[in-house]
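Structure record follows, encoded as structure tokens.
The values are calculated or read from the model by the stated rules, or taken from the named source; none is laboratory data. Everything quoted here is computed from the prediction, not taken from an experiment. Cβ placement follows ideal geometry from the backbone for every residue including glycine, while neighbour counts extend to all protein chains displayed.
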């Protein structure tokens with residue numbers, strides 16, 4: 001059985017698009033040419049890969065399996081090209097990262113700024129995803145690495161702890177919950193909360209814990225950043241639960257009070273997820289080393305400085 005890499009890449013484009021036309025456009029093919037190549041692939045595999053109707057295309061179970069394998073194959077091809085097109089293996093390439101809300105908004109922008117400044121030939125695709133989607137993405141090869149907070153159930157993946165994330169409550173100065181005494185989540189539910197927008201990992205995480213208490217999560221307004229949450233809190237609009245790093249930073253310029261949350265889930269371990277560290281291209285290993293400098297000192301990862 002012979003597989004054409006161009007056909008596999010085309011299939012990935014179609015599988016990740018709502019229609020065959022859009023997938024074909026991403027592959028720089030006409031819809032008719034793309035359809036003919038997919039039909040030839042179906043004939044070769046002797047199985048149907050797509051359901052086609054007026055609304056677009058949908059992968060069959062066989063198509064889902066092929067998509068998983070095709071992603072892995074093409075990522076390895078990309079890794080191979082990267083390794084042999086530059087003298088400095090960690091100085092070029094494309095890195096795809098799935099990460100949670102805190103990573104995307106708090107510490108990764110600064111880390112990536114310094115990392116990319118030293119490596120002009122490296123590009124990064126950073127996407128905020130839910131925890132379960134991060135794990136699934138690393139497993140099926142749709143991302144090079146994942147960054148997640150909290151317990152990880154990831155059979156078949158390497159999990160590397162690199163820092164700790166603590167959630168705290170921010171309240172306006174003089175609020176009745178302010179003070180040195182920690183509060184439980186249920187105590188905060190008597191007040192209206194300021195939350196992040198729909199689809200963020202932190203909002204989903206908090207909703208899950210509120211539902212376990214059998215109570216309602218009263219959101220007065222949803223905003224796009226931790227800074228916006230803090231500004232709303234300072235104005236007396238409500239209270240909010242955010243990472244301690246963000247709370248400390250914004251409390252320097254806003255009249256806020258930070259209250260410890262007395263819940264076991266408030267302290268969450270941050271971890272990097274990969275399928276196989278040694279099989280990753282140099283640029284990805286160098287980024288992981290940047291996030292885990294103590295591992296570099298122990299000789300476990302590629303040093304981050306390409307020079």
Next item on the list: List the strands (runs of 3 or more DSSP E) that sit entirely inside region 122-211 and contain at least 2 residues that are within 12 Å of the chain's Cα centre (by Cα) and under 19 Å from residue 263 (Cβ atoms).
Entry: 145-149
Checklist line | Complete set of residues in region 74-95 that are surrounded by 15 or more Cβ atoms within 10 Å (Cβ to Cβ), at pLDDT 75 or above and in a helix (DSSP H, G or I) | finding: 74, 75
Margin query: Out of the residues in region 104-120 meeting the condition of being in contact with a strand residue (DSSP E or B) (Cβ under 9 Å, 6 or more places away or on another chain) and at pLDDT 90 or above, tell me which one is surrounded by the fewest Cβ atoms within 10 Å (Cβ to Cβ).
Written below: 109
Notebook entry, point to check: In region 65-78, which residues are within 15 Å of residue 23 (Cβ to Cβ) and out of contact with any strand residue (DSSP E or B) (no Cβ under 7 Å at 6 or more places or on another chain)?
Noted result: 66, 70, 71, 74
Next item on the list: Say whether the condition of being touching a helix residue (DSSP H, G or I) at 6+ places or on another chain (Cβ under 6 Å) and at pLDDT below 85 is met by at least one residue in region 29-51.
Entry: no
Margin query: Please go through (1) assigned to a helix (DSSP H, G or I); (2) modelled with pLDDT of 90 or more; (3) closer than 21 Å to residue 135 by Cα for residue 228 and return the number of the only condition it doesn't satisfy.
Written below: (3)
Check: Out of all the residues in region 4-49, which are touching a strand residue (DSSP E or B) at 6+ places or on another chain (Cβ under 6 Å) and outside any helix (DSSP H, G or I)?
Finding: 18, 19
Note to self: Of all residues being more than 18 Å from residue 202 (Cα to Cα) and surrounded by 15 or more Cβ atoms within 10 Å (Cβ to Cβ) in region 121-135, which is modelled with the lowest pLDDT? Just the residue, please.
What the structure shows: 121
Note to self: Among the listed residues 156, 150, 141, 174, identify the single one that is touching a strand residue (DSSP E or B) at 6+ places or on another chain (Cβ under 9 Å), surrounded by fewer than 22 Cβ atoms within 10 Å (Cβ to Cβ), on the phi > 0 side of the Ramachandran plot and assigned by TED's automatic domain parsing to the domain that holds residue 99.
What the structure shows: 150
Item checked: Complete set of residues in region 10-56 that are buried (at least 18 other Cβ atoms within 10 Å of the Cβ) and under 26 Å from the mean Cα position of the chain (by Cα) -> 10, 11, 12, 13, 14, 15, 23, 27
Next item on the list: Please name all residue pairs, on different chains or six or more residues apart, with Cβ atoms under 7 Å, provided the first residue is in region 14-26 and is free of Cβ contacts under 8 Å to residues at least 60 places away in the same chain and the second residue is assigned to a loop (DSSP other than H, G, I, E, B) and surrounded by fewer than 20 Cβ atoms within 10 Å (Cβ to Cβ).
Entry: 23/17; 24/30; 26/17
